[in-house]
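Note sheet for the following structure.
The values are calculated or read from the model by the stated rules, or taken from the named source; none is laboratory data. Note that the coordinates shown come from a computational prediction; the quantities given were computed from them, not determined experimentally. Cβ placement follows ideal geometry from the backbone for every residue including glycine, while neighbour counts extend to all protein chains displayed.
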Amino acid sequence: MILKFPVKDEYTKLNVLIPVTITKEGDALALEYPFCRPLMESFKAMAGARWHGYDKKNPRKIWTIDDCPRNWFQMDAMRWLGRDAKGVPILGEKNPYARYDAPMVDVSAYCGPRLYQGKLTTYYGHQPEGIAFVMTRRQCILAWDMGCGKSLIAGTAMETAKILYKWSDEDFWFVCKNGALYQVMLDFLEWDIKVRPKFMSYDQMKGLIETWPRGKKPPKFVVFDESTQIKSPTAQRSDAAQHLADNMRAEYGNDAFVVLMTGTPSPKNPTDWWKQSEIACPGFVKEGSWQSFRKRLAVIAKQTKGEDGGSYNKVMAWLDDEKRCKHCGEFEPHSNHSVQGRLQDRGHVWEKSVNEVLRIDSRLRGFVSKKLKKDCMDLPEQVYRIVRCRPTFQMLNAAKLIAKAARGAADALTKLRELSDGFQYQDTVSEVIQCPMCAGTGTMLAKEDPENPGLPISEEAMRIGRLVDVTRQCDRCQGRCEVEIKERIAARVPCPKDDIIEDLLAEHDDVGRLPIYCGFTGSVDRVVDICLRNKWSVIRVDARGWTAFDAPGQNLLPGEGKAMYHTFRFGGVEKIAFVAQASSAAHGLNFDNCPTIVNFSRDFNFENAMQGDERNMRGKIKETLAKTGRTKVTVVEIVHLESDQYVLDNHKKKRRLQSLTLGEIQAAVAVEPRQV
């Protein structure tokens, strides 16, 4: 097959057609064409691109790329030059981006008033726009703020597709985090959605894909809620989601609905967009690999790893400011650059870069819909209240000793964060048992090469059978016949954060509801004890699961997470605190009956932090404020040692990068929320 690709001549600025011979070789496509650097750069960016000029066997001066839909998508895009006056394509057969430029379909007939909790309710003005976006684009991403009603949009879009195409409930899947499953199912019931999709967690979805019967057709409509769960290119759940979406496209083409939804699309760094885009529409993003995408967005340098001489690629700086140097990522005054016409050692001339992080927004236009709550919802103001605790002299001395004795910077930071929360994890001996490896004898049988005693056994000795049985000291108990079973405990120390929590509980006696997020399980246990001591019942959620605790005089009955959450939302107990790790309970929950959210401490996961802070910014929060006499939604940050501030500063940087990828320049500049 010979296809012609247009390349702009650098002198005439006109398109020159370069013929490319495409030959199928197994699962790859071999490309042969006259030397053309712009064309070569385009092919190098494709999935599976490989140059065969250096092959040891049969070296050839050709490139090969994977024979896959994403590469054909890109080749179609490269060849598309539009249509002539008669409407005939000038060169390419089709424009793969056409459906992402098409006008929105009219969905007003499906967005009339509907029942919500038994009351007739209308959609917010922005929600029909989201429904139209899903019904038009079909394979897309909704990057809407938490609380904008993405679940209702997905449910209505499913309902619309069921009516239009006569599909059954079996054709619809809704995938989300395990902790958010109950809330999503509750949303579908409260809004009386006329579709009952197959609800599942990401792990359940992965299990279904791994055991999928041969010949069984995939669903026609899948929603991946909180899609940052599949942002990692190497994660098994990401592979499962990609496999599912690819098979849906193979079976139904552009009629398949693959909808990703998230309020925090790039919580770690800008490259989080790549895999999500690849699942929704392979080829929409030009780069064929996560590494190529990262290379475009950052200045990367090789770093030596350890004494073995290994190396790895490290991001030196993100290209998030045009004032950065395109070679090193530093700003012009940096010592890397020339000073008064002279170069420093190993220096270079500063050259202006391109803000590639900001350009992500324009590159994804038409494929990603974005909405900010402040632009489309009449919600009360949210403020951050920073409560700083003064560390004692003894606490500061302890922090210095911990930092000095730590094995490295990461270990020191973790231990300081623990100390800031008023505890230190310690491994203590819980019991001593007979060694299970040697059955209490202190010795064990092993094989040994008599010609090389004490040395590892060689393959030759194993092959010729030159091994003998020997008795040696047990490897596990080292001859002591007993082994210690260790238990990790949180050894507590006095902490001023305790008094802050007690004051906040007293402030919210009239509300009777207070969510408190913690960075460690040890912190969760500490806050639970404080709440119970102050006669508040508690729902605790962490890696150990959901647990309920009765305070004196309360009537909270332990049960499943769904029952506990229902009690917290809809009443039955006078005063109840929701104490959780953000990693276990920051997604999908609705705290619109709570005017305040407290962060006892945070971890480095920016997504969990953002999700946790937004749990109460929902439609009914204004009613809650009116009932409690408050005017603002408050997020309380408790800061003790400098390690707490370090985590907040880290979140500030990630917030700025994410704002840039969404094209929010002003938000990227003013990254700190309002503080009181």
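Applying the set (1) touching a residue at least 40 places away in the same chain (Cβ under 8 Å); (2) more than 30 Å from Ile402 (Cβ to Cβ); (3) assigned by TED's automatic domain parsing to the domain that holds Leu532; (4) not aromatic (Phe, Trp, Tyr) to Ala506 leaves exactly one unmet item: (1).
Within the range 494-517, track down each residue that is in a helix (DSSP H, G or I) and of a type in the set (Phe, Trp, Tyr). Matches in the range 494-517: none. Listed conditions (1) in the same structural domain as Ile501 (by TED's automatic domain parsing); (2) in contact (Cβ under 8 Å) with a residue 24 or more places away in the chain; (3) in a loop (DSSP other than H, G, I, E, B) are all met by Cys438, apart from (1).
For the residues Pro89, Pro59, Pro113, the requirement of being in contact with a Ser or Thr (Cβ under 6 Å, 6 or more places away or on another chain), loosely packed, with under 15 Cβ neighbours inside 10 Å and without any contact (Cβ under 8 Å) to a residue 40 or more places away in the chain singles out Pro113. Here the range 389-435 is the region considered, the condition is being more than 33 Å from the chain's Cα centre (by Cα) and in a loop (DSSP other than H, G, I, E, B), and the residue that is surrounded by the most Cβ atoms within 10 Å (Cβ to Cβ) is Cys435. One residue stands out among those in the range 118-140 that are within 23 Å of Glu190 (Cβ to Cβ) and of a type in the set (Ser, Thr, Tyr): the one that is modelled with the lowest pLDDT, which is Tyr124.
A Cβ distance below 8 Å, combined with a sequence gap of six or more or placement on separate chains, defines the contacts here; from the range 365-381, residues that are part of a strand (DSSP E or B) reach residues that are surrounded by 13 or more Cβ atoms within 10 Å (Cβ to Cβ) and among the aromatic types (Phe, Trp, Tyr) in the pairs Ser369/Phe133; Ser369/Trp144; Lys370/Trp144; Lys371/Trp144.
Selection within the range 295-338: residues that are out of contact with any Phe, Trp or Tyr (no Cβ under 8 Å at 6 or more places or on another chain) and in a helix (DSSP H, G or I). The member of this set that is nearest to Thr136 (Cα to Cα) is Arg296. Scanning the range 103-143 for residues that are touching a Gly at 6+ places or on another chain (Cβ under 7 Å) and either of a type in the set (A, V, I, L, M, F, W, C) or under 29 Å from Ala245 (Cα atoms) (or both) gives Gln127, Leu142.
Mind checking whether some residue in the range 132-142 is under 30 Å from Gln229 (Cβ atoms), in contact with a strand residue (DSSP E or B) (Cβ under 6 Å, 6 or more places away or on another chain), charged (D, E, K, R) and assigned to a loop (DSSP other than H, G, I, E, B)? Yes, the range 132-142 contains a residue that is under 30 Å from Gln229 (Cβ atoms), in contact with a strand residue (DSSP E or B) (Cβ under 6 Å, 6 or more places away or on another chain), charged (D, E, K, R) and assigned to a loop (DSSP other than H, G, I, E, B). Quick check on Val527: is it at pLDDT 90 or above, part of a strand (DSSP E or B) and touching a Phe, Trp or Tyr at 6+ places or on another chain (Cβ under 6 Å)? So Val527 fails the test. Applying the condition of being under 16 Å from Ser292 (Cα atoms) and among the charged types (D, E, K, R) to the range 26-46 and asking which residue is surrounded by the fewest Cβ atoms within 10 Å (Cβ to Cβ) yields Glu41. Look at Ala491 and say whether it is small (Gly, Ala, Ser) and assigned to a loop (DSSP other than H, G, I, E, B). In short, no.
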